[in-house]
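**Q** I have a structure I would like to understand better, so I am pasting it below and will then ask my questions one at a time.
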Amino acid sequence: MTWLKLVEGYMPMQMISELAICILFFAAINFSLKKAGIGIPKFWAGVGVWIFILMYLKYRIYPPIPFSVRAIYGTVSACGIFMWVSGSQPEWEDFKRPILNVMDGKTGFHKAIRVVALVLIPLALGGYAYQSFLPSFEEPIELRTVHPAPPATTKVHGKTFVLQTAENPYRVNPEGEYDQKYTDAHIVSQDMGRLMKDFASNEDNPWDPNAEGYIKYVREGGEIFFQNCHFCHGDNLNGRGLWAYAFNPIPANFTDAGTIAQLQETFVFWRVSQGGIGLPPEGFPWASVMPPWKEHLTTDEIWKVVMFEYWHTGYYPRTWE
Ligand code: HEC
């Protein structure tokens with residue numbers, strides 16, 4: 001429900017008032033139906049309210065409540081509903097009537113329901129329990145695609161980027177035009193001690209606070225990287241950050257030729273902005289903790305940090321063949 005947002009910090013109160021309003025609304029409907037002489041039988045009213053509460057908890061509340069907690073809430077609300085339907089003797093009789101009718105099985109219809117309830121349901125449950133206790137010798141399959149096919153477009157901060165045609169606005173030559181050749185030539189080289197390179201020309205030195213253009217954006221991307229990404233992806237960009245081993249899969253190693261080196265820059269932009277939860281189904285089951293950075297960074301910051309990752313590892317983004 002996008003038109004009625006749950007407000008962070010007020011969710012519990014909002015939830016209780018919404019439920020209360022709905023229940024009052026049901027009570028009003030029930031009351032006017034009863035006035036019109038077509039009251040809903042107590043049994044179905046109770047069951048209906050209970051199902052409504054379960055559905056509300058499952059589909060309305062965000063972030064999703066785990067099943068175990070919903071089971072507790074469901075049990076508590078069932079107790080509440082029992083108290084309601086057994087408030088007075090006539091009401092309780094009214095509630096029990098359909099159950100007793102089925103038990104007595106006086107009509108063919110009730111008999112049929114009784115057969116289903118007493119024979120088929122236990123059989124189905126027994127079969128289910130039997131199946132789930134059968135030992136299995138197969139390893140759980142975990143098929144996943146490390147680099148799933150990207151979508152054609154990705155939406156970040158309300159703007160749609162077409163992956164085939166989008167360009168990193170910071171990958172520019174001194175004239176300010178998109179220029180992959182120029183920036184490739186100013187990337188840090190892949191040899192030993194490359195980061196201690198004597199940057200003879202300041203044009204290539206990201207440590208120079210007065211750097212301009214491409215190399216200045218690399219510097220800014222580096223700041224973003226060391227404020228946000230190095231905990232996981234490591235200060236050498238090799239996926240060995242302080243937190244890395246708390247996670248499975250471990251964070252991507254950008255120095256490995258199998259990650260950003262073989263990806264288009266817009267693919268990386270998509271992956272960084274949407275994170276693990278934005279992976280398409282082929283990427284699952286995959287408990288990636290990679291955060292969806294569009295929630296934390298601006299579009300410009302994402303482009304800059306992506307560019308920094310290429311600069312630092314000395315790889316060029318793959319181009320569309
Ligand atoms: C909480 C840990 C964590 C943080 C922080 C984090 N990442 Fe990740 N990242 C991961 C994990 C785990 C993976 C591997 C699984 C995946 O691809 O989703 C990953 C994957 C990636 C990939 C995909 C590489 C590929 O080969 O497909 C990119 C790109 C990336 N991260 C960039 C970043 C950037 C940029 C930042 C900072 C803005 C960042 N990550 C911060 C955990 C993290």
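The values are calculated or read from the model by the stated rules, or taken from the named source; none is laboratory data. Source: prediction; values computed, not measured. With ideal geometry, Cβ positions are generated from the backbone for all residues, glycine too; neighbour counts draw on all protein chains shown.
**Q** Does LEU120 satisfy the condition of being within 30 Å of PRO281 (Cβ to Cβ), in a helix (DSSP H, G or I) and under 41 Å from the mean Cα position of the chain (by Cα)?
**A** no
**Q** So, ARG114, is that one in the same structural domain as ILE40 (by TED's automatic domain parsing) and touching a residue at least 12 places away in the same chain (Cβ under 8 Å) or not?
**A** Against the criterion (in the same structural domain as ILE40 (by TED's automatic domain parsing) and touching a residue at least 12 places away in the same chain (Cβ under 8 Å)), ARG114 does not qualify.
**Q** Identify the single condition in (1) under 30 Å from ALA257 (Cβ atoms); (2) at pLDDT 90 or above; (3) not assigned by TED's automatic domain parsing to the domain that holds THR266 that ILE141 does not satisfy, given that it satisfies every other one.
**A** (2)
**Q** Return the total of residues in segment 202-255 being of a type outside the set (A, V, I, L, M) and on the phi > 0 side of the Ramachandran plot.
**A** Matching residues across segment 202-255 total 3.
**Q** Just the residues that are loosely packed, with under 11 Cβ neighbours inside 10 Å and within 18 Å of TRP44 (Cα to Cα), please, taken from segment 54-71.
**A** Matches in segment 54-71: MET55 only.
**Q** Are there any pairs, at least 6 apart or on different chains, whose C-beta atoms fall under 8 Å, with the first in segment 22-36 and touching a residue at least 12 places away in the same chain (Cβ under 8 Å) and the second β-branched (Val, Ile, Thr) and assigned to a helix (DSSP H, G or I), and if so, which?
**A** The qualifying pairs are ILE23/VAL49; PHE26/VAL49.
**Q** Taking only pairs six or more apart or across chains, which ones have beta-carbon atoms under 8 Å, a first residue in segment 51-72 that is under 14 Å from GLN14 (Cα atoms), and a second residue that is modelled with pLDDT of 90 or more and hydroxyl-bearing (Ser, Thr, Tyr)?
**A** Pairs that qualify, where the first residue is under 14 Å from GLN14 (Cα atoms) and the partner is modelled with pLDDT of 90 or more and hydroxyl-bearing (Ser, Thr, Tyr), are LEU57/TYR73.
**Q** Of PHE161, PHE95, which residue is modelled with pLDDT of 90 or more, surrounded by 13 or more Cβ atoms within 10 Å (Cβ to Cβ), within 16 Å of the ligand (Cβ to nearest atom) and not charged (D, E, K, R)?
**A** One residue alone meets the criteria, PHE161.
**Q** With respect to TRP207, determine if the residue is more than 8 Å from the ligand (Cβ to nearest atom) and within 19 Å of GLU295 (Cβ to Cβ).
**A** no
**Q** Looking only at segment 260-289, how many residues end up being crowded, with 21+ Cβ neighbours inside 10 Å and within 11 Å of the ligand (Cβ to nearest atom)?
**A** Looking only at that region, the number is 9.
**Q** Here is a further query. Evaluate the following for GLU301: is it buried (at least 16 other Cβ atoms within 10 Å of the Cβ), among the charged types (D, E, K, R) and within 9 Å of the ligand (Cβ to nearest atom)?
**A** Yes, satisfied.
**Q** Can you pull out every residue in segment 72-92 that is within 28 Å of the chain's Cα centre (by Cα), more than 15 Å from GLY46 (Cβ to Cβ) and surrounded by fewer than 13 Cβ atoms within 10 Å (Cβ to Cβ)?
**A** ILE72
**Q** Which one of these is modelled with pLDDT under 90, within 16 Å of the ligand (Cβ to nearest atom) and more than 18 Å from TRP320 (Cβ to Cβ): VAL146, VAL156?
**A** Within the list VAL146, VAL156, the selection yields VAL146.
**Q** Here's another thing I want to ask about it. Could you say whether any residue in segment 244-253 is without any contact (Cβ under 8 Å) to a residue 24 or more places away in the chain, more than 10 Å from the ligand (Cβ to nearest atom) and not charged (D, E, K, R)?
**A** So far as segment 244-253 goes, yes, one or more of its residues are without any contact (Cβ under 8 Å) to a residue 24 or more places away in the chain, more than 10 Å from the ligand (Cβ to nearest atom) and not charged (D, E, K, R).
**Q** Tell me, yes or no, whether segment 87-97 has at least one residue that is of a type in the set (Lys, Arg), more than 23 Å from MET55 (Cβ to Cβ) and in the same structural domain as ILE40 (by TED's automatic domain parsing).
**A** Yes - at least one qualifying residue is present in segment 87-97.
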